[in-house]
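Read the structure below first, then the notes.
Every number here is computed from the coordinates shown, using simple stated rules; none is lab data. Worth saying up front: this structure is predicted, and the values here are computed from it rather than measured. Cβ placement follows ideal geometry from the backbone for every residue including glycine, while neighbour counts extend to all protein chains displayed.
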Amino acid sequence: SQTIHQWPATLVQPVGSPLSLECTVEGTSNPNLYWYRQAAGRGLQLLFYSVGIGQISSEVPQNLSASRPQDRQFILSSKKLLLSDSGFYLCAWSVEVNQPQHFGDGTRLSIL
Amino acid sequence: DQQVKQNSPSLSVQEGRISILNCDYTNSMFDYFLWYKKYPAEGPTFLISISSIKDKNEDGRFTVFLNKSAKHLSLHIVPSQPGDSAVYFCAASVNTPLVFGKGTRLSVIA
């Protein structure tokens with residue numbers, strides 16, 4: 001069966017520090033991969049998605065970036081975090097774009 | 001412009017009664033709709049989906065209804081249980097990544 005791993009579960013970072021969140025999927029090949037953010041009291045905002053290695057689509061311009069160095073690995077990064085980057089970050093995968101997405105347990109990011 | 005709207009931020013229901021969660025969308029091209037359930041500090045869990053060629057889909061206590069002419073879908077939970085207390089998101093797609101609503105917090109009171 002397929003599983004998705006996302007870490008760390010919680011992270012506290014100072015403003016201006018770099019960020020790297022990692023997500024890996026097991027049990028499937030060539031998944032579609034997604035990064036979402038849920039800000040406090042808000043819905044799920046799609047940040048990036050990828051349909052293959054090295055293919056990244058950005059939905060919202062910001063100081064975050066994403067990379068897919070391997071088929072089942074998706075990384076969310078920032079060179080300099082802002083206070084507004086605080087939130088709950090979720091990674092997800094799907095077989096196809098028009099199929100249910102399956103989410104990891106998320107990373108709670110707090111910027112101080 | 002929000003393409004998927006959940007206009008009720010919260011809903012309280014007595015245990016054993018029916019819970020009805022509503023969702024409206026603006027993009028008439030959407031052809032695939034889903035409902036997710038989310039507990040605090042966890043990722044959303046897929047519940048049920050429906051394609052635009054149907055108007056109803058059932059899975060146990062969960063039924064999703066789609067009214068294409070009104071651009072409206074709803075999730076019925078019968079009977080409601082305390083463990084159903086969570087935030088419910090509807091989502092829609094047309095060969096694109098899912099577009100999510102902002103969620104409705106359901107509280108099932110024992």
Checking the condition hydroxyl-bearing (Ser, Thr, Tyr) and without any contact (Cβ under 8 Å) to a residue 24 or more places away in the chain, which residue from B:107, B:85 passes? B:85
If residue A:9 meets every condition in (1) in contact (Cβ under 8 Å) with a residue 40 or more places away in the chain; (2) among the aliphatic types (A, V, I, L, M); (3) touching a strand residue (DSSP E or B) at 6+ places or on another chain (Cβ under 6 Å); (4) within 11 Å of another protein chain (Cβ to nearest Cβ) apart from one, which number is that one? (3)
Taking residue B:29 as meeting all but one of (1) in contact (Cβ under 8 Å) with a residue 24 or more places away in the chain; (2) closer than 29 Å to residue A:87 by Cβ, write down the number of the exception. (2)
Matching residues, the range A:74-108, being under 15 Å from residue A:64 (Cα atoms) and either more than 12 Å from the chain's Cα centre (by Cα) or small (Gly, Ala, Ser) (or both): A:77, A:78, A:79, A:80, A:81, A:82, A:83, A:84, A:85, A:86, A:87
Residue under question is residue B:25, and the condition is that it be more than 10 Å from every other protein chain (Cβ to nearest Cβ) and crowded, with 18+ Cβ neighbours inside 10 Å; does it hold? yes
Considering only residues of the range A:87-99 that are facing chain B (nearest Cβ under 7 Å) and surrounded by fewer than 21 Cβ atoms within 10 Å (Cβ to Cβ), which is farthest from residue A:48 (Cα to Cα)? A:98
Out of the residues in the range B:40-53 meeting the condition of being more than 10 Å from chain A (Cβ to nearest Cβ) and more than 14 Å from the chain's Cα centre (by Cα), tell me which one is surrounded by the fewest Cβ atoms within 10 Å (Cβ to Cβ). B:53
In the range A:70-88, how many are charged (D, E, K, R), more than 29 Å from residue A:27 (Cβ to Cβ) and part of a loop (DSSP other than H, G, I, E, B)? 2
Quick test of your reading of the structure: residue A:56 fulfils all but one of (1) touching a residue at least 40 places away in the same chain (Cβ under 8 Å); (2) surrounded by fewer than 18 Cβ atoms within 10 Å (Cβ to Cβ); (3) aliphatic (A, V, I, L, M). Name the failing condition by number. (1)
Can you tell me which condition residue B:37 does not meet? The list is (1) touching a residue at least 24 places away in the same chain (Cβ under 8 Å); (2) away from every other protein chain (no Cβ under 14 Å), and all the others hold. (2)
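For the range B:95-104, how many residues are in contact with a strand residue (DSSP E or B) (Cβ under 7 Å, 6 or more places away or on another chain) and either closer than 19 Å to residue A:56 by Cα or without any contact (Cβ under 8 Å) to a residue 12 or more places away in the chain (or both)?
To start, the set of residues in the range B:95-104 that are in contact with a strand residue (DSSP E or B) (Cβ under 7 Å, 6 or more places away or on another chain) comprises B:97-101, B:103-104.
The next check asks that each one be either closer than 19 Å to residue A:56 by Cα or without any contact (Cβ under 8 Å) to a residue 12 or more places away in the chain (or both); those that pass are B:97-99.
Matching residues across the range B:95-104 total 3.
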Looking at the range B:79-110 only, could you name the residues that are more than 11 Å from every other protein chain (Cβ to nearest Cβ), within 14 Å of the chain's Cα centre (by Cα) and either surrounded by fewer than 21 Cβ atoms within 10 Å (Cβ to Cβ) or more than 21 Å from residue A:44 (Cα to Cα) (or both)? B:84, B:85
